[in-house]
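So the structure is just underneath, and the comments pick up after that.
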There are 2 protein chains.
Amino acid sequence: MSRASDTAYKKIRSFILDGGARPGMQLTEEQLAEISGVSRTPVRDAVRRLENEMLLVRSASKRLSVADWSDDEIDEMFTLRAMLEAHAAERAAQRMDDENLIQLRAINDALTEAVNQPEPDIATFLDANRQFHNLILHRAQSPRLSKLLPALVEQPVVRRTANQYSQDDLIQSGVDHDELIAAFAAKDPKWARAVMTSHIRRAFHSFSSISAQAAEN
Amino acid sequence: MSRASDTAYKKIRSFILDGGARPGMQLTEEQLAEISGVSRTPVRDAVRRLENEMLLVRSASKRLSVADWSDDEIDEMFTLRAMLEAHAAERAAQRMDDENLIQLRAINDALTEAVNQPEPDIATFLDANRQFHNLILHRAQSPRLSKLLPALVEQPVVRRTANQYSQDDLIQSGVDHDELIAAFAAKDPKWARAVMTSHIRRAFHSFSSISAQAAEN
DNA sequence: CAACGTTCTATTGTATACAATTATGATCCG
DNA sequence: CGGATCATAATTGTATACAATAGAACGTTG
């Protein structure tokens, strides 16, 4: 992507994800242009992309706002994500080579180390987690999956609750990943699919209980 | 959507789908602007949308071309579409009311009538078929599904081969739809899912054999 | 004072000019 | 003749000015 529209995309994205904007909040293109330091033209470009990822939504009157999803919709999102990531894992298991396995192990070692500390390193966890899933998606070698999945991951909710996951949850993620690697090494697509499904659905339920807790306060 | 960018979208889309452009053909924004009779700005907007539907693709050097997918990729597309449409049918089965059932029957009656003629009316078939699937998608009530699925249906290939489907294939579509309606009426999500899966996969194999035939010539 | 209509303002949409980038083709040298 | 290098042309990217549209504020009138 081009320079200005790319920086706009990144700045707006992190503005949303890092809590600069509350869900439901209205935004104007001009505000976003000011935030990203470019003109409205590339901003509109970036906004289109973010609309596709469903981080931004357009009201009936073309006004922009930060996405704000109901519990049911988030439930549905996790279900779809589990379907698609499981499918990606299944395909990846048939296409994974030794080099990829080494990379996956390295990434997950970093992840495991980051969370097995008195004070877990969330940023490193998130980054390693993203790398791990991206590598699998890449090995799935499906342009369409690569297009569809990003619209489901990293909704605002994900980032916003990440530092509320318990250390046990984070450690379990690393364990899930280890089993995924084993399934890939065994070249067993069905195993990979099952582990991935379980992995995402576990994340969903961790997320739900955190949300429920937050709702009580 | 706005006027100019909307007309650009429609014109470019039908330009591609109705055979004005061959798969793989390169296009410039200026050409498209001329075709749609508006300036490049709204064209770029329309192009973004078509990129999301994966009717247009951008090369590494930002140049536009009409999508051209390999057999493997089309296979993968049908697999994903079957997954998502089956999921939509399952959800729809839980949310369908009597009014919707009446509408579905009316749509499918029109479809059936269109194909049960000496010379099947393809245009009417395509339109009724689209309406039928759209209504189900709408009843699934999942914003994300509504966003994801359109990127999978109506790839160039679909439209280009539609008038090559045999009359038996077209008639069978109507029969599949009837069984879907029965599943909806029975409020049986699993049944609906199974029928939809079978429906899409049948379409896939009909498509494959047509393609194979075409490749021989 | 409620409901309606009218102006005014804010916001998004479009066109155009120009900048940056990428492909193309010519030229030179080995 | 093959390949690298540079100039030129084609194409995409960005900024800005203006047009169209939606929203808000205000006043008028029954």
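The values are calculated or read from the model by the stated rules, or taken from the named source; none is laboratory data. As the structure is a computational prediction, the values presented were derived from the model and not from experiment. When we count neighbours, we look across all protein chains shown, and the Cβ atoms used for this are built from the backbone with ideal geometry, even at glycine.
Within the range A:177-217, the only residue that satisfies the criterion of being surrounded by 14 or more Cβ atoms within 10 Å (Cβ to Cβ), at pLDDT below 95, of a type outside the set (S, T, N, Q) and over 16 Å from the mean Cα position of the chain (by Cα) is A:I210. Would you say A:R105 is more than 17 Å from A:W191 (Cα to Cα), within 14 Å of chain B (Cβ to nearest Cβ) and either over 16 Å from the mean Cα position of the chain (by Cα) or in contact (Cβ under 8 Å) with a residue 24 or more places away in the chain (or both)? The answer is no for A:R105.
Condition check ((1) surrounded by fewer than 12 Cβ atoms within 10 Å (Cβ to Cβ); (2) assigned to a strand (DSSP E or B); (3) among the basic types (K, R)) across all residues:
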| position | (1), (2), (3) |
| --- | --- |
| A:G24 | yes, no, no |
| A:E30 | yes, no, no |
| A:A33 | no, no, no |
| A:V43 | no, no, no |
| A:R48 | no, no, yes |
| A:M54 | no, no, no |
| A:S61 | yes, no, no |
| A:W69 | no, no, no |
| A:D72 | yes, no, no |
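Taking the conditions (1) within 14 Å of chain B (Cβ to nearest Cβ); (2) closer than 23 Å to B:D72 by Cβ; (3) out of contact with any Lys or Arg (no Cβ under 7 Å at 6 or more places or on another chain); (4) among the charged types (D, E, K, R) in turn, A:E73 satisfies each one other than (2). With respect to A:L84, is the statement that it is surrounded by 20 or more Cβ atoms within 10 Å (Cβ to Cβ), away from DNA strand D (no atom under 12 Å from the Cβ), in contact (Cβ under 8 Å) with a residue 12 or more places away in the chain and closer than 30 Å to B:D72 by Cβ true? So A:L84 passes the test. Screening the candidates B:A21, B:A33, B:A46 for the property of being near DNA strand C (Cβ under 8 Å from one of its atoms) and either closer than 19 Å to B:V153 by Cβ or away from every other protein chain (no Cβ under 14 Å) (or both) yields one hit, B:A33. Just one of the listed residues (B:D6, B:D18) is more than 9 Å from DNA strand D (Cβ to nearest atom) and at pLDDT 95 or above, namely B:D6.
On inspection, A:A60 passes the criterion of being within 12 Å of DNA strand C (Cβ to nearest atom), out of contact with any helix residue (DSSP H, G or I) (no Cβ under 8 Å at 6 or more places or on another chain) and farther than 22 Å from A:L152 by Cβ. Filtering the range B:9-18 to residues that are outside any loop (DSSP other than H, G, I, E, B), touching a helix residue (DSSP H, G or I) at 6+ places or on another chain (Cβ under 9 Å) and either away from chain A (no Cβ under 14 Å) or among the β-branched types (V, I, T) (or both) leaves B:K10, B:K11, B:I12, B:R13, B:F15, B:I16, B:L17. Of all the criteria given as (1) in the same structural domain as A:A192 (by TED's automatic domain parsing); (2) of a type in the set (D, E, K, R); (3) touching a residue at least 12 places away in the same chain (Cβ under 8 Å), the one not satisfied by A:D45 is (1). Counting only residues that are over 17 Å from A:Q117 (Cβ atoms) and part of a helix (DSSP H, G or I), how many does the range A:162-193 have? Count: 15.
Summed over the range A:109-119, the residues that are surrounded by fewer than 18 Cβ atoms within 10 Å (Cβ to Cβ) and closer than 18 Å to A:Q164 by Cβ give a count of 3. Looking only at residues that are of a type in the set (S, T, N, Q) and out of contact with any Leu (no Cβ under 7 Å at 6 or more places or on another chain) in the range A:49-68, which one is nearest to the other protein chains (Cβ to nearest Cβ)? Among residues in the range A:49-68 that are of a type in the set (S, T, N, Q) and out of contact with any Leu (no Cβ under 7 Å at 6 or more places or on another chain), the one nearest to the other protein chains (Cβ to nearest Cβ) is A:N52. Test of understanding: among B:D45, B:D68, B:D72, which residue is in contact with a Gly (Cβ under 6 Å, 6 or more places away or on another chain) and not hydrophobic (A, V, I, L, M, F, W, C)? Checking each option against the conditions leaves just B:D68. Condition check for B:R13 on (1) closer than 23 Å to B:F132 by Cβ; (2) of a type outside the set (S, T, Y); (3) within 16 Å of DNA strand C (Cβ to nearest atom); (4) surrounded by fewer than 17 Cβ atoms within 10 Å (Cβ to Cβ): one failure, at (4).
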